[in-house]
Amino acid sequence: MADTTARSRVARLVAGRSVYFDDEGFFWDPDDWSEEAALELARERGMDGLDEVQWRVIRFMRGWYNHHGRAPMNKDLKAGTELTLLELERLFPDGIKLGARVLAGLPNPKTCLD
Amino acid sequence: MIYLDNAATTFPKAPGTLERALERYRELGVSPGRGNHDLAMRASDAVDEVRTKVAAFFGAPDPDRVAFGANATDALNTAILGLVHPGDHVVATRLEHNSVLRPLHHLAEAGVITWDAAPFDERGVVTADAVEALLRPSTRLVVMTHASNVIGTVQPVREVAAVCAARGIPLVVDAAQSAGQVPIDMAAMGISALAFTGHKSLYGPSGIGGLVVMPDLEIATSRFGGTGMDSASLVHTQSYPLRLEAGTLNLLGVLGLGEGLDFVSAEGVAVIHEREAALLTRLRDGLGALDGVTLYLADGELTDRVAVLACSVAGVHPQDVGAILDGDYDIAVRVGVHCAPLVHRELRTIDRGAVRFSLGAFTTEAEVDAAIDAMRAIAEPC
């Protein structure tokens, strides 16, 4: 039986830079993230830019990642954003993982959750 | 916290079991079977005592054919690697965990074997006919799970065993999810070898499991090293159980497994199963009534199941469902593809996975109801 599940990456132009993304749309390298890139990805998702609350969430997630070297755990995310995770889910059209986390440029958690 | 991830590992363990295991380890925590001092002999006796419990628990006649390892994956590797030869064909099922799929895939990629996976039907069952249809003259092994870790269905092992026995093919059963939840009698069911883990429904600690082998099956050694016997020889000890064990045993794990087995035996597997089946039905009925929640192969009576239920919520990524349950409701579940990719391919959930609830001996009705309420909030339209 063939294994068809190997992860792949593709490069594309975002905010004037060539950036690698994985097959779920996550930044391959979190250091490639920029506010301009986040805005462009948000618009691609049909969002009319990012509002103040969404930026607060994104900045908290990136700050946590840069300080701790990993994404915030669920209860850290709740405490740090002062939002429930259900509110966070609904704050981004694609939810927490494929919305907030992608726009914040955090790594795909796929490998540790499957 | 509401812990509904018992199929990954049961938590908490039964009161007193870890404490008693640790106390015995403090008393006799030396290398069992090595050296001739009394403490080594006592440690060896303690290990043999648990081998006897394991053999009795699974209806196997010979405690010496209980070989300890790290977990079910370890035991399955021991069985598979010790039974196949170049050119052999192996049959498994599409319900298997990667503990079976990956060793078989590895051997196939290396050009050692060929293999096929029998499909499951609309009930989530791999019938004996489905296995039989894949058998070839070169088939030397059938390996199958006793209970799916994704959909919970208990498989007709006895019927598959009869098909295998008629052709002289050994049947290796992965009991990682079923041991402690479903009664198992290897002799009566015709199982040739059974892989188990201690940390799930046997309520032991992690890091201990094993392979139980019936007397008419020989499994070749695939790992080699010290056994405490025949030490002057460069040939690995060939008598059981040391034939399938190499290096110092996880004595604390063995003692913890023994305590867990005592707990399960005292409660009674049938009693635990009946209680969990009732809770599973309550959970299924509650989640099934929610708009936007899809259950996977959970129709009908749930008596032939282990206490596992997979589902998804429309419009919410399963990993987000898990995060919300954890962060907002303090409910722990397992999301993803549960190391069982072929099941999720069949369910068409391979891309995102699913949310798995799994119950344990200490799960209560109130916890199940809280999980249903939480899922109602998550599934509610914005």
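Readers should treat all values here as calculations from the given coordinates under stated rules, not as data from a laboratory. Fair warning: this is a prediction, and the values are worked out from it, not measured in the lab. Using ideal geometry, Cβ is built from the backbone for each residue, glycine included, and neighbour counts are taken over all protein chains shown.
Label reach from B:L39 (point 7 Å along Cα→C-beta): in the stretch B:47-71, amide nitrogens under 20 Å belong to B:47-49.
First check a/c for chain A, with a ≥ b ≥ c the square roots of the eigenvalues of its C-alpha gyration tensor; if it is under 1.5, answer rounded, and if not, answer prolate when a/b is larger than b/c or oblate otherwise. Judged from the Cα gyration tensor, chain A comes out oblate (a/c at least 1.5, b/c at or above a/b). Using θ = phi - 60° in the Karplus curve 6.51 cos²θ - 1.76 cosθ + 1.60, the 3J(HN,Hα) couplings for the stretch B:376-382 round to 4, 5, 5, 7, 4, x, 4 Hz; x is entered for Gly and Pro. Averaged over peptide B:327-339, the number of partner chain Cβ atoms lying within 10 Å of each residue's Cβ comes to 3.
Take every DSSP beta bridge with both residues inside the protein assembly as shown and express the antiparallel ones as a percent of the total, to the nearest 5.
Percent antiparallel among DSSP bridges in the protein assembly as shown is about 60.
When the alpha carbon gyration tensor of the stretch B:237-382 is reduced to an equivalent ellipsoid, its three semi-axes come out at 34, 20, 15 angstrom, largest first. Sites count as exposed loop sites when they are trypsin sites (Lys or Arg not before Pro), lie in a DSSP loop, and have at most 16 other Cβ atoms within 10 angstrom; the longest stretch of chain A without one is A:71-114.
Compared with the rule-of-thumb size 2.2 N^0.38 Å for a compact globular protein, the stretch B:170-252 has a Cα radius of gyration ratio of 1.22.
In degrees between 0 and 90, to the nearest 10, how far off the longest principal axis of chain B does helix B:98-109 point, with axes built from Cα atoms? So the helix axis and the longest Cα principal axis differ by about 70 degrees.
Classified by the C-alpha gyration tensor, chain B has an oblate form. Its axis ratio a/c, with a ≥ b ≥ c, is 1.5 or above, and a/b does not exceed b/c. Hydrodynamic estimate: the Kirkwood radius of the stretch B:286-360 over Cα pairs, inserted into Stokes-Einstein at 20 °C and 1.002 mPa s, corresponds to D of 166 µm²/s.
Counting only lysines at least 8 places from A:K97 when in the same chain, those with an alpha carbon closer than 21 Å to its own are A:K75, A:K78, A:K110.
Taking the centroid of alpha carbons for each part, the stretch B:120-158 and the stretch B:312-335 are 31 Å apart. Compared with the dominant Cα axis of chain B, that is its longest principal axis, helix B:38-57 is turned about 50°. Once the Cβ-Cβ distance of B:S265 and B:D216 is raised to the sixth power relative to R0 = 35 Å, the FRET efficiency obtained is 0.85.
For chain B, the dipole from Cβ point charges (+1 on Lys and Arg, -1 on Asp and Glu) about the Cα centre works out to 820 debye, to the nearest 20. Residues whose amide H falls under 5 Å from that of B:V335, counting only those 5 or more places apart or on a different chain, are B:R356, with hydrogens built in the peptide plane. For chain B, the relative contact order is 23 percent, taking Cα pairs closer than 8 Å that sit 6 or more residues apart in sequence and dividing their mean separation by the residue count. Scattering from the protein assembly as shown was approximated by placing one identical point on each alpha carbon and applying the Debye formula without solvent; log10 I(q)/I(0) at 0.06, 0.09, 0.10 1/Å stands at -0.32, -0.70, -0.84. Beta bridges from DSSP with both residues in the stretch B:17-266: antiparallel share about 35 percent, rounded to the nearest 5.
Sequence neighbours fewer than 8 away in the same chain don't count; with that in mind, list the lysines whose C-alpha is under 19 Å from B:K53. Correct list for B:K53: B:K13, B:K200. Among the residues of A:84-95, the average count of other protein chain beta-carbon atoms within 10 Å of the residue beta-carbon is 5. Once the Cα atoms are used to define both axes, helix B:157-167 deviates from the longest principal axis of chain B by about 50 degrees.
Going by C-beta contacts inside 10 Å, put A:H67, B:H236, B:H106, B:H97 in order with the fewest on the left.
Placing the least packed residue first, the sequence is A:H67, B:H106, B:H236, B:H97.
Restricting the trypsin sites (Lys or Arg not before Pro) of the stretch B:299-365 to loop positions (DSSP other than H, G, I, E, B) with no more than 13 neighbouring Cβ atoms within 10 Å leaves B:R348. Restricting the stretch B:253-347 to GluC sites (Glu not before Pro) that sit in a DSSP loop and have at most 10 other Cβ atoms within 10 Å of their own Cβ leaves B:E301. Counting Cβ atoms of other protein chains within 10 Å of each residue's Cβ and taking the mean over peptide A:64-76 gives 1.
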